[in-house]
1. Any chance you could count how many residues in the stretch 1-16 are loosely packed, with under 11 Cβ neighbours inside 10 Å and farther than 16 Å from H63 by Cα?
2. Hey, does the stretch 7-14 have a residue that's assigned to a loop (DSSP other than H, G, I, E, B) and at pLDDT 95 or above?
3. Within the stretch 42-66, restricting attention to residues that are of a type in the set (A, V, I, L, M, F, W, C), under 13 Å from the mean Cα position of the chain (by Cα) and under 13 Å from L4 (Cβ atoms), which residue is most open to solvent (accessible area, probe 1.4 Å)?
4. Would you please name the residue that is nearest to H63 (Cα to Cα), looking only at residues in the stretch 17-33 that are open to solvent by less than 100 Å² (accessible area, probe 1.4 Å) and either out of contact with any strand residue (DSSP E or B) (no Cβ under 7 Å at 6 or more places or on another chain) or part of a helix (DSSP H, G or I) (or both)?
Amino acid sequence: MSKLHLVFGGRVKDPQGLEFTDLEHIDLVGLYDSYAEAEEAWRGAAQRSVDDAEMKYVVVHLHRLLEPGMEGISRPKG
């Protein structure tokens, strides 16, 4: 299985948090097959917006959401 990673960014309420304020204007940078590729895309996007403290870019490990039991991720027992 590919280890998909999503890179996106947008305006946040607080630069220390992840509460995006304008979901209609989220910048979807792309999907990447490896963390290294996603990190490179993230760095480029973040660098372009370095002067705007309200813009934040993140890497989401989609493979962890698709297969939560993989790579040491445990599911809550219920």
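The values are calculated or read from the model by the stated rules, or taken from the named source; none is laboratory data. Every value quoted in this text rests on a predicted model; they were computed, and no experiment measured them. A quick note on method: Cβ atoms are made from the backbone with ideal geometry, for glycine too, and the neighbour counts reach across all protein chains shown. Note: areas computed on protein heavy atoms with side chains; ligands, DNA, RNA excluded. Shrake-Rupley method; radii C 1.70, N 1.55, O 1.52, S 1.80 Å.
1. Going through the stretch 1-16 one residue at a time, the tally reaches 2.
2. No: zero hits.
3. My answer is L65.
4. Within the stretch 17-33, the match that is nearest to H63 (Cα to Cα) is D33.
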